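The values are calculated or read from the model by the stated rules, or taken from the named source; none is laboratory data. What you see is a predicted model; the values in this text were computed from it and never measured. Cβ: placed from backbone, ideal geometry, glycine included. Neighbour counts: every protein chain shown. SASA here: full protein model, heavy atoms, side chains in, ligands and nucleic acids out. Shrake-Rupley method; radii C 1.70, N 1.55, O 1.52, S 1.80 Å.
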Amino acid sequence: NAGVTQTPKFQVLKTGQSMTLQCAQDMNHEYMSWYRQDPGMGLRLIHYSVGAGITDQGEVPNGYNVSRSTTEDFPLRLLSAAPSQTSVYFCASSYVAGEPEAFFGQGTRLTVV
Amino acid sequence: AQSVTQPDIHITVSEGASLELRCNYSYGATPYLFWYVQSPGQGLQLLLKYFSGDTLVQGIKGFEAEFKRSQSSFNLRKPSVHWSDAAEYFCAVGAPGGADGLTFGKGTHLIIQP
């Protein structure tokens, strides 16, 4: 059972660089989302998707793009990295209906210098 | 808008003692409520969840939580803590498949004294 898989686990970027954080789930969940975790802030929603081809913004979307071309994958793109984007990023997935328990990946620790 | 308050940033408990972590929420409808645990450098593991029914829910690792609608609370309890329970604990509210996703509290850092 792979669940939710995030890559890479660690990444260091220079200011202005771009990169994509990968997220894949094998549970056929409709809903996928990205959170960032900062000390003393809990987790905050960046973007989410309720199905292939549908994405929307969460609480802190600025500086990030997402797309959902398949049910399984939900990559998060940093267009021009800034030090304020230094954080731990978590991808999560769940069913939309029924008992929507969220399953989380192991996280990506990103440092922007 | 939904919100979660965890009033205690840090809690220190002696090994073998009982534990209660507080969580208060604000949500417009019947809430879905969750407690997650995060060990250092790890992802989030679901401890327990409440959707409906019995207001006292049992979770993994000997944890339980009680939903009290009148107090808008969902406190986490454990009768006897172990050193391995040292971690960060997050309360969350919302429908994971809904437009607002899950709203998390800022977390409570649990320290276990020998």
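Considering the conditions (1) under 30 Å from B:Trp83 (Cβ atoms); (2) open to solvent by less than 60 Å² (accessible area, probe 1.4 Å), B:Gln42 is excluded by exactly one of them, (2).
In the range A:1-19, the qualifying residues are those that are loosely packed, with under 11 Cβ neighbours inside 10 Å and modelled with pLDDT of 95 or more, and the one that is nearest to B:Gly101 (Cα to Cα) is A:Phe10.
Can you name every residue in the range A:69-96 that is part of a loop (DSSP other than H, G, I, E, B) and open to solvent by less than 10 Å² (accessible area, probe 1.4 Å)?
If we filter the range A:69-96 for residues that are part of a loop (DSSP other than H, G, I, E, B), which is where we start, we get A:69-72, A:74-75, A:79-82, A:86, A:95-96.
Of everything in the range A:69-96, those that are part of a loop (DSSP other than H, G, I, E, B) and open to solvent by less than 10 Å² (accessible area, probe 1.4 Å) turn out to be A:Phe74, A:Ala81.
Look at B:Gly41 and say whether it is within 30 Å of A:Lys9 (Cα to Cα), modelled with pLDDT under 90 and in a loop (DSSP other than H, G, I, E, B). Judged against the criteria, B:Gly41 is a match.
Of all residues in the range A:71-91, none that is farther than 14 Å from A:Lys14 by Cβ has its Cβ atom under 9 Å from the Cβ atom of a residue that is hydroxyl-bearing (Ser, Thr, Tyr) and part of a helix (DSSP H, G or I), 6 or more apart or on another chain.
Only one of the numbered conditions (1) within 13 Å of the chain's Cα centre (by Cα); (2) under 23 Å from B:Leu46 (Cα atoms) is not met by A:Val96, and that is (1). Among the residues of the range B:48-59, not a single one is open to solvent by less than 70 Å² (accessible area, probe 1.4 Å), more than 10 Å from chain A (Cβ to nearest Cβ) and touching a Ser or Thr at 6+ places or on another chain (Cβ under 8 Å). Pairing residues of the range A:21-33 that are more than 13 Å from chain B (Cβ to nearest Cβ) with residues that are hydroxyl-bearing (Ser, Thr, Tyr) and open to solvent by 10 Å² or more (accessible area, probe 1.4 Å), at Cβ distances under 6 Å and at least 6 apart in sequence or on separate chains, gives A:Gln22/A:Thr7; A:Ala24/A:Thr5. Please indicate, with yes or no, whether at least one residue in the range B:64-80 is closer than 21 Å to A:Leu43 by Cβ, part of a helix (DSSP H, G or I) and charged (D, E, K, R). Looking for residues that are closer than 21 Å to A:Leu43 by Cβ, part of a helix (DSSP H, G or I) and charged (D, E, K, R), one finds none in the range B:64-80, hence no. So which residues in the range A:48-67 are touching a Ser or Thr at 6+ places or on another chain (Cβ under 8 Å), within 11 Å of A:Glu30 (Cα to Cα) and within 14 Å of chain B (Cβ to nearest Cβ), if there are any at all? Passing the criteria: A:Tyr48, A:Ser49, A:Gly51.
Residues of the range B:66-89 that are over 15 Å from B:Lys49 (Cβ atoms) and open to solvent by less than 30 Å² (accessible area, probe 1.4 Å): B:Ser73, B:Lys78, B:Val81, B:Asp85, B:Ala87.
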